[in-house]
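Computed from the coordinates by the stated procedures, all read-outs in this text should not be read as laboratory data. On a predicted model such as this, the values are computed, not experimentally measured, just so you know. Positions of Cβ are generated from backbone atoms using ideal geometry, with glycine treated the same way; all protein chains shown enter the neighbour counts.
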Amino acid sequence: MNILKRYSENLISTYVLLLLVVLRIVLLFVSQTDDADAVSRYLLALDWMKDPHWIRSAVWGPFHFYLLGEIYGTLGTDVLYGKIATLVASLLCMIPLYFFTRNFFSKPGTLFVCICWLSCPVIMRYSFMNMAELWQALFILTAMALLVQKATKYWAWTCLAGLSATIACGFRYEAWLITFLISLPLLLEKNWKAFFLFGIVAGLFPIYWLYSSYLSTGDAWYSLHASVEWNINKSGVNDLIKWDTYWARSLFFPVSVFIGGGIICGILVYKSIFLLFKNNVPNTLKFWSFPFLILLIVFIYKAYNGTLLCQHRFTISLFLLSLPFAASLIDYKTKAYHILPFLVLLSIPLSFINIFFPVSVIVVKSRTPKIFKEVFLSWPLHAEAVPYIHDNVSKEISNAIDQFGSKHHPLILDFYSWSGTYYVAEQQQAHSEEIFISSGATHVNDQKELYVFISKNPSGLLLLKAKSKLHHYLF
């Protein structure tokens with residue numbers, strides 16, 4: 001009877017997984033890009049497609065542009081192709097996630113973790129855009145799955161794990177730190193050979209990139225310094241802020257696990273981590289929780305000092321390191337564990353709660369301490385499971401450009417919001433040299449760049465916001 005019951009549970013979980021996969025595919029075609037970075041990556045990928053070259057130094061890792069450039073060069077410049085590739089990457093993540101989790105937990109628990117992965121709102125939303133987070137997740141999870149393989153030729157699995165990790169490092173710089181963190185269990189288990197072998201192979205891209213950046217710019221850490229320069233000096237995130245804002249930043253990522261996880265996934269993560277240390281579990285399992293805990297502390301510190309923006313997309317890295325432990329809630333038969341696979345599905349609609357029930361507005365108007373008010377103000381910002389443009393103005397502007405037949409013509413686009421402005425830019429499907437977007441950063445003066453663009457493109461379309469920085473430059 002127990003075998004039949006478990007078979008039935010596994011079959012139901014498999015059907016739920018298939019339903020979630022179909023749901024993601026359907027939602028892809030109704031989603032819209034509302035993240036400026038996703039549009040910037042798309043435009044830069046089109047530039048690389050037009051002039052393929054070996055990137056020797058850049059603010060962002062080069063592998064994502066190689067990948068997108070090849071996709072658009074092969075299939076066409078429709079932004080949808082890159083989004084489909086990202087969606088495929090998010091679904092492929094379940095393969096290494098399954099094998100890593102299965103190494104420690106039962107099959108029902110492992111299938112539950114895969115359901116959590118597909119139900120997590122912040123993971124879902126960024127599978128619909130041209131972002132690199134889920135490509136990083138795919139290769140980091142692959143490295144984790146390979147590292148826990150118990151095989152006689154451990155050196156082969158370790159080398160493959162290092163290769164996967166170094167590829168992840170070429171997509172996003174968080175992977176550099178995460179790669180070190182996932183090697184800690186090897187160190188704590190005193191598996192010295194595997195630790196050093198993994199480190200040597202995984203360090204191939206970071207070492208190359210530091211050397212290449214030094215030769216190109218004179219600064220080995222140019223990429224990281226440029227990111228800090230943008231946040232602190234150009235965007236002015238630390239301008240005239242008070243102590244309560246600093247504390248609100250410190251709370252952002254611990255709270256983002258709830259918000260980005262549609263509340264339920266966040267509860268499951270924290271509860272499962274708590275159970276690891278409460279119950280008598282193997283030390284190896286506890287060691288694998290350290291990467292999540294350390295990364296969370298690093299994120300809190302960097303959010304506090306302004307070098308890491310308070311955006312939910314970074315929480316994906318926290319989820320890929322913590323969701324596997326949610327399997328313990330099934331294996332240890334915690335309260336209501338039978339309905340957990342269905343309960344976690346509510347994470348998706350709960351991510352839209354601020355639209356139908358304005359939690360952030362209610363909290364802000366209440367007597368809640370200001371520290372918590374600032375955290376809840378972030379609720380509606382890039383946390384919904386399906387990205388979409390909230391304002392109709394951006395859609396009307398894009399439609400107007402199409403009606404006037406100005407698409408694919410040179411365009412000067414005045415900045416009015418991060419999501420709206422870049423949504424209009426994405427719809428043009430133009431190379432970056434054919435479109436000028438006025439910077440939304442507080443301390444950026446791009447007047448010279450504007451005049452250079454006009455000299456190269458004397459005719460085209462100008463979309464101008466009254467009394468803006470761009471308006472001041474031109475008139």
Cβ-defined net charge surrounding residue 102, 14 Å radius [Lys, Arg +1; Asp, Glu -1]:
+1
How big is the range 172-232 in terms of Cα radius of gyration and Dmax, in angstroms?
14.2, 41
Note the angle between two axes, namely the Cα long axis of helix 2-28 and the longest principal axis of the Cα atoms of the chain, as a number of degrees from 0 to 90, rounded to the nearest 10.
0 degrees
May I ask you to sort 423, 473 by Cβ crowding, counting other Cβ atoms within 10 Å and putting the fewest first?
473, 423
Can you put 174, 133, 396 in order of Cβ neighbours within 10 angstrom, beginning with the fewest?
396, 174, 133
Once the Cα atoms of the chain are picked out, what are the Rg and Dmax in Å?
23.1, 80
One-quarter of the Cα convex hull surface for the range 15-77, in nm²?
5.8 nm²
Would you please classify the overall shape of the range 97-149 from the alpha carbon gyration tensor, given that a ≥ b ≥ c denote the square roots of the eigenvalues, rounded means a/c under 1.5, and beyond that prolate means a/b larger than b/c while oblate covers the rest?
oblate
Starting from the 7 Å offset along Cα-to-Cβ, what nm value, one decimal, do you get for the label separation of residue 215 and residue 457?
3.4 nm
Step by step: find N for the range 127-229, compute 2.2 N^0.38 Å, then divide the Cα radius of gyration by it. What's the final number?
1.15
Could you work out the equivalent-ellipsoid semi-axes for the range 427-475, taking the square root of 5 times each eigenvalue of the Cα gyration tensor, largest first, in whole Å?
18, 13, 12
Quick note on 252, 171, ordering by fewest other C-beta atoms within 10 Å, gives 252, 171
